[in-house]
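The values are calculated or read from the model by the stated rules, or taken from the named source; none is laboratory data. Note that the structure is a prediction, hence the values are computed from the model and not measured. Note that we place each Cβ from the backbone using ideal geometry, even for glycine, and neighbour counts take in every protein chain shown. Surface accessibility is based on the protein's heavy atoms, side chains included, excluding ligands, DNA and RNA. Shrake-Rupley method; radii C 1.70, N 1.55, O 1.52, S 1.80 Å.
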Amino acid sequence: MTSQTHLAVAVSARGITKTFGRGEAPVQALRGIDLDIAAGQVTAIMGQSGSGKSTLLQVLAGLDAPTAGRVWLGQKELTGLRDEELTLLRRERLGFVFQSFNLLPALTAAENIRLPFLLAGGRVTAERQAWIDAVVERLGLVERLEHRPSELSGGQQQRVAITRALATRPEVIFADEPTGALDSASGSEVLALLRTASVEDGQTVVVITHDSGTASIADRVVRMHDGVIVDDWAGGTAEQIAQRVLGKAA
Ligand SMILES: Nc1ncnc2c1ncn2[C@@H]1O[C@H](COP(=O)(O)OP(=O)(O)OP(=O)(O)O)[C@@H](O)[C@H]1O
Ligand SMILES: [Mg+2]
């Protein structure tokens, strides 16, 4: 296990458990997780289906409360916050990318990208718009802004979702299998964009994946099994990480 202590911590979790259901057949999805996510890095979470990856992401992102344990975003403790406070905090400080893109079908790409600002009831300032324009340009969406999701390829839709996630310059982007619905070329492109966000913008990214290609863009790979972390590795080159991942494929 490599020490991460020299890096600022973006998200911390201590003693996290999560049990679904009660009585006869409760499911212990998380069984004691301690984790510090380093700021400015890409952390990949891997592990077989049902190992608790999505549940962990939901808890780290304040989308679901743990059964026990505590979570902090920077200095701010998420556990125990009221729903309204959590909603506001997620909107202002976090970004999300999902396998299913989660774009609103009736809105154009440009409108989907502006959605976080509309939801927050705020205007898009000139400075924010300049940042969004730069991301749109970088992600190759300039020609696609007036299209609706149904008029875009899967890869383009996911790039719109990533642009939306980056638009507010969130402290952390959480991505749950962002390449799961894409062919391998579009998937690699999406991963490269997340990597660029980390390298060029200092963005903290937490990405769940089944795909060893995803893990090879990561600074660190956390492997889960049956609700616990069974492997945690960082500090290698992309090639070393890829080799380690391939050697231990879930
Ligand atoms: N809302 C829920 N109610 C009941 N059980 C749940 C719920 N969500 C998850 N689980 C259970 O918790 C365990 C962990 O699920 P989770 O979705 O976190 O796994 P995962 O690692 O993301 O799997 P996958 O790779 O298939 O997405 C599984 O046994 C799952 O059935
Ligand atoms: Mg999952």
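Checking every residue in the range 31-46 against the condition of being in a loop (DSSP other than H, G, I, E, B) and either within 16 Å of ligand 1 (Cβ to nearest atom) or open to solvent by 50 Å² or more (accessible area, probe 1.4 Å) (or both) gives zero matches. Pairs please, first residue from the range 71-97 and at positive phi and in contact (Cβ under 8 Å) with a residue 12 or more places away in the chain, second anywhere and outside any loop (DSSP other than H, G, I, E, B) and not hydroxyl-bearing (S, T, Y), Cβ atoms under 9 Å, 6+ apart in sequence or on different chains. If the second residue must be outside any loop (DSSP other than H, G, I, E, B) and not hydroxyl-bearing (S, T, Y), the pairs left are G74/V9; G74/A10; G74/V11; G74/R93. Flag: R93 matches the condition of being within 16 Å of the chain's Cα centre (by Cα) and either among the aliphatic types (A, V, I, L, M) or closer than 22 Å to V160 by Cα (or both).
Among the residues of the range 196-213, is there at least one that is in a loop (DSSP other than H, G, I, E, B), surrounded by fewer than 24 Cβ atoms within 10 Å (Cβ to Cβ), modelled with pLDDT under 90 and within 16 Å of ligand 2 (Cβ to nearest atom)? Within the range 196-213, one or more residues are in a loop (DSSP other than H, G, I, E, B), surrounded by fewer than 24 Cβ atoms within 10 Å (Cβ to Cβ), modelled with pLDDT under 90 and within 16 Å of ligand 2 (Cβ to nearest atom). Of all residue pairs spaced 6 or more apart or on separate chains, those with beta-carbon atoms under 7 Å, a first member in the range 121-139 that is at negative phi and a second member that is among the hydrophobic types (A, V, I, L, M, F, W, C) and part of a loop (DSSP other than H, G, I, E, B) are V136/L145. Give me the residue from the range 56-70 that is in contact with an Asp or Glu (Cβ under 7 Å, 6 or more places away or on another chain) and within 16 Å of ligand 1 (Cβ to nearest atom) and, out of that set, nearest to I208 (Cα to Cα). Across the range 56-70, the extreme among qualifying residues is L57.
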